[in-house]
1. Within the stretch 274-294, take every residue that is within 21 Å of the chain's Cα centre (by Cα) and more than 24 Å from LYS180 (Cβ to Cβ) and give me the one that is most open to solvent (accessible area, probe 1.4 Å).
2. Show me the helices (runs of 4 or more DSSP H) found entirely inside the stretch 108-215 where at least 2 residues are touching a Leu at 6+ places or on another chain (Cβ under 9 Å) and open to solvent by less than 30 Å² (accessible area, probe 1.4 Å).
3. Quick one: would you say VAL69 is open to solvent by 20 Å² or more (accessible area, probe 1.4 Å), assigned to a helix (DSSP H, G or I) and in contact with a helix residue (DSSP H, G or I) (Cβ under 9 Å, 6 or more places away or on another chain)?
4. Would it be correct to say that SER339 is under 23 Å from HIS191 (Cα atoms) and either surrounded by fewer than 16 Cβ atoms within 10 Å (Cβ to Cβ) or touching a residue at least 40 places away in the same chain (Cβ under 8 Å) (or both)?
5. Just need a number here: residues in the stretch 45-60 that are under 18 Å from the mean Cα position of the chain (by Cα) and open to solvent by 10 Å² or more (accessible area, probe 1.4 Å).
6. Name the helices (runs of 4 or more DSSP H) wholly inside the stretch 268-355 in which the number of residues that are under 30 Å from LEU166 (Cβ atoms) is 1 or more.
7. Determine if the stretch 309-317 includes at least one residue that is more than 23 Å from ASP35 (Cα to Cα) and either modelled with pLDDT of 95 or more or not aromatic (Phe, Trp, Tyr) (or both).
8. Please state which of the following conditions ALA76 fails to meet, knowing it meets all the rest: (1) open to solvent by less than 30 Å² (accessible area, probe 1.4 Å); (2) over 23 Å from PHE150 (Cβ atoms).
Amino acid sequence: MFNKTTIKDVSLEGKNILIRMDFNVPIKDGKVQSDFRLQAAIPTLTYILSHSPNRLVIISHLGRPKGKVEPALSLAPVAKVLAQLLNRPVIFIPQVIGMDLKTKIESLPKGSVILLENLRFSPEEEANSLDFAKQIVSDTNSNLFVQDGFAVIHRAHASTTQIPTLLPTVSGFLIEKEIKNLKKILDSPAHPVTMIIGGAKISDKQPLIDRFLSIADHIIVVGKIAADGFTSTNPKVYVAEDFREDAAGDKLDIGDQSLAKILQFIEESQTIIWNGTAGKTEEPGFDLSSKAIAEAIGKKNSGTNQTIILGGDTSGFVEKLLKTQSLHFTLVSTGGGASLEYLLGLPLPGLDAIN
């Protein structure tokens, strides 16, 4: 159940549409390294463009420039890849506000797709400035706002909470997909439910463990948390008990004994939530358990099982595997902190702002 208005519920024809996406993708030497988040945006963009808007203006952020212009964090490379995915021109304008921007947008033909520069080059974005939001709306002459940047809806920024006070605001398909799947985990998951939790800091993950003690049948703790000696007396919680070590004796991955038990849990479960890799996957030879877990989850029957991948590191790891393997997941979340905060019942200002 998704109780927000979406792009399917409103007329798009002839509208000047402003859309907030999350194009915070890895860029190296001016080239996009992974188009996963761009691919996730395509269904929403394609649907809008198929309904004859007057124009579509896309806004996003990239990285953490802290209110200053950093050429390495420009969205210009994103426009090139997005044009390839949409199979149509995407006009990049290296501004977010200003009379020059307004003039250029107004000169473009009907049906144009425009990507503006990194929102966070302007300090007003993270300062949640209403004046900045007003200027974006005015300079793009927009009359409908679509929020589809799921990864930023837990932030109270100008593009998540202020623009919706100025324009009719609806959700795109990505936010709808993410919320529907996360809500099902909380409200009506198919049992048995297994949650796999890894990562480096127990302080980050303890709230998630506590939250899911009443939902999950099994909670499995892996990664550095387990290697550092996390313990629990709750019978639902299984902590990895053997590890692969490097030459210095550092525990950088879970071992075969633990992996075998975890794979059995996966085999027997109908709902699986995975947040946090099992080892230091960037180190050669210490991604073995994470790879085995991903493959076991990704080969579950997608018709009868719900499989959710959460967190930036885990989603990124799975994204790389998907380039070479045919694995299927219900949701590889683009949300990072947003998805975790939703599961913890914390407020999401950008979601609340959708009409």
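The values are calculated or read from the model by the stated rules, or taken from the named source; none is laboratory data. Bear in mind that the values here come from a model prediction, so they are computed numbers and not experimental data. Positions of Cβ are backbone-derived with ideal geometry, glycine not excepted, and every protein chain shown enters the neighbour counts. Surface accessibility is based on the protein's heavy atoms, side chains included, excluding ligands, DNA and RNA. Shrake-Rupley method; radii C 1.70, N 1.55, O 1.52, S 1.80 Å.
1. In the first step, residues of the stretch 274-294 are kept if they are within 21 Å of the chain's Cα centre (by Cα); the result is 274-278, 281-282, 290-291, 293-294.
With more than 24 Å from LYS180 (Cβ to Cβ) added as a condition, the list becomes 277-278, 281-282, 290-291, 293.
Working: THR277: 19, ALA278: 2, THR281: 36, GLU282: 131, SER290: 0, LYS291: 76, ILE293: 0 Å².
Among them, the one singled out is GLU282.
2. Values: elements: 123-126, 130-140, 173-187, 202-212.
Answer list for the stretch 108-215: 130-140, 173-187, 202-212.
3. Here the answer is no, as VAL69 does not meet what is asked.
4. On the way: under 23 Å from HIS191 (Cα atoms): yes; either surrounded by fewer than 16 Cβ atoms within 10 Å (Cβ to Cβ) or touching a residue at least 40 places away in the same chain (Cβ under 8 Å) (or both): yes.
Here the answer is yes, as SER339 does meet what is asked.
5. Step one: filter the stretch 45-60 for residues under 18 Å from the mean Cα position of the chain (by Cα), giving 45, 58-60.
Next cut, open to solvent by 10 Å² or more (accessible area, probe 1.4 Å) only: none.
Matching residues across the stretch 45-60 total 0.
6. Numbers: elements: 288-298, 312-322, 337-343, 349-352.
So the answer is 337-343, 349-352.
7. Here is the first cut: in the stretch 309-317, the ones more than 23 Å from ASP35 (Cα to Cα) are none.
No, there is no match, as no residue in the stretch 309-317 is more than 23 Å from ASP35 (Cα to Cα) and either modelled with pLDDT of 95 or more or not aromatic (Phe, Trp, Tyr) (or both).
8. (1)
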